[in-house]
Amino acid sequence: MKHTDLYIDGQWRTGASGTRFDVMNPATEEVLASVASAEIADADAALDAAEAAMALWAAQTPRHRSEILRKAWDLMTARLPEFAHLITLENGKARADAMGEATYAAEFFRWFSEEAVRADGMITHAPASGARIIVHHKPAGIAVLVTPWNYPAAMGTRKIAPALAAGCAVIIKPASETPLTMLALMPLLEEAGVPKGLVNVLPSRKSGALVDHMLHDPRVRVVSFTGSTGVGRKLLHSAADQVLKPAMELGGNAPLIVFEDADLDVAVEGAMLAKMRNLGEACTAANRLYVHADVAEAFTTKFTAAMAALTMGDGTDPSVDVGPLVNADTRDKVAAFVADAVAKGAKIELGGTAPSGKGFFYPPTVLSNVAETSDCVHDEIFGPVAALQTFTDQEDVIRRANDTEYGLVAYVFSENMKRALQVCERLEYGMVGLNRGLVSDPAAPFGGVKQSGLGREGGHEGMLEFMETQYISASW
């Protein structure tokens, strides 16, 4: 791998302590690269660089920032196969899935190149005093971005692009399992014209201490995190000490509801996408599949056949649909969910046993008759296991769908649009996919409610997460 050191102030550095850690290929269990591990001194150097760079960047015109982001989209789009290959190597996802992520990741640069010139303000008269009310948006400050391993490219660009569009400098702490893709993005940003010091990348095996240190530096004003609710709560505690702006995309427990009037072919296609995109290793993955009893048998037959048609193997093979899970702990957790569900009465329709040999593989698995008390109903599976349950009453399925502390995304399949929209509005989720299994889009405000997070990424709202609103009361 070409880039395995820290990226600070436009330079590649070995790090203050010189320590490194290995990044593994989950398909072969072989070491891909040894990566520099950042320490507190490296974080301070990155903060110094970000502070200096932001002073100049924030003063640039929105059009200037826009054109650089557009250039980044052009460059990344031309190199999608390279990024997809690297994503597959360190994350494990199949080639087609990795290409989808790379394309999605690049699109954030294009979307926010367009949003950079649309931080619209307002001038109006105060009704009582007659004073002018002037409202505008300013860059919030240095942003610390903490990204997960399941989308090594997209979760970074989804934060970098709006921050740069807003006029902020950033420091990225990528997941230790998958830092290579984010490091590989840095030369591209340089080529696009991003100034030195504006974007810094700090892989580290001491993530907690490193991030906590940065969140207590007064120069930091924003923290953006994608990951588990448990870690998100800890970061919010740290962010509270300086009253930082938090943007948190946290865990999910997505219900997928198939009503008796659904087009089953559409429902199966949507369920496959919602369940198996990224091998189920996504907070948006369908975790609980509720199918109306009248169509449960037909849906299960069609869905199981679609799952059985998937080919499992090393994701670098173009014929493979399903790669390995990211590590042994994730695979073992998925296996434990299946064992628990079966012990509580679930029937294995497909899969259910991890293969022997190298790689953290787990096959596409379908479970029917899953009990409400099963662990997989109340926690994220984060793997290729579909847990099917049945229902007969609309009120009951809405109650069951909402019976979770999470509220990221839900999915509804029905040909009765009046009923479907009424159900969507009653679901306690930040996003709902109606007759489709994909909700992620750079142009849409991505985010959840309840324990699934704060703020939104994407859409116009995504840039505002990195801006502060200022109001001036004026007379003239």
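Summary of computed values
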| item | result |
| --- | --- |
| Per-pair calculated FRET efficiency, R0 = 51 Å: Ile123 and Thr77 via Cβ, rounded to 0.05 | 0.85 |
| Rounded Å value of the spacing that divides the Cα centres of the range 303-358 and the range 216-230 | 34 |
| Inter-site label distance for Ala339 and Asp217 at 7 Å from Cα along Cβ, in nm | 4.4 |
| Surface share of carbon and sulfur [accessible, 1.4 angstrom probe, percent] for the range 87-159 | 57 |
| Virtual paramagnetic centre 7 Å along Cα→Cβ of Arg132, amide N under 18 Å, in the range 436-476 | 470-476 |
| Dipole of the chain, positive end: most advanced residue of Val366, Thr61, Asn200 [Cβ charges, Cα centre] | Thr61 |
| Helical segments meeting 20 Å axial Cα length and Kyte-Doolittle 0.5 threshold in the chain (DSSP H) | 40-57 |
| Sequence-distant lysines (8 or more away, or on other chains) whose Cα lies within less than 25 Å of Lys71 | Lys2, Lys138, Lys159, Lys173, Lys196 |
| Accessible surface, per residue, of the range 122-214 when the full set of protein chains is kept, probe 1.4 Å, Å² | 28 |
| Environment charge of Gly10, counting only residues whose C-beta is closer than 9 Å and scoring Lys/Arg +1, Asp/Glu -1 | -1 |
| Carbon and sulfur %, accessible surface of the range 175-239 computed with the full protein complex present, 1.4 Å | 58 |
| Estimated dipole of the chain in Debye, rounded to 20 [Cβ of Lys and Arg +1, of Asp and Glu -1, Cα centre] | 1020 |
| Accessible surface, the range 341-472, averaged per residue in Å² (probe 1.4 Å) | 42 |
| Convex hull volume of the chain per residue (C-alpha atoms, cubic angstrom) | 149 |
| Carbon/sulfur fraction of accessible area - the range 279-423, other protein chains in place, 1.4 Å, % | 51 |
| Where labels lie 7 Å past Cα in the beta-carbon direction, separation of Ile40 and Ala308 in nm | 5.9 |
| Charge context of Asp329, other residues only, Cβ under 15 angstrom, K/R +1, D/E -1 | -4 |
| Efficiency of FRET from Cβ geometry, Glu51 and Val449, R₀ 30 Å, rounded to 0.05 | 0.30 |
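The values are calculated or read from the model by the stated rules, or taken from the named source; none is laboratory data. What you see is a predicted model; the values in this text were computed from it and never measured. Cβ coordinates were reconstructed from backbone atoms using ideal geometry, including for glycine residues, and neighbour counts include every protein chain displayed. Accessible surface areas use protein heavy atoms only, side chains included; no ligands, DNA or RNA. Shrake-Rupley method; radii C 1.70, N 1.55, O 1.52, S 1.80 Å.
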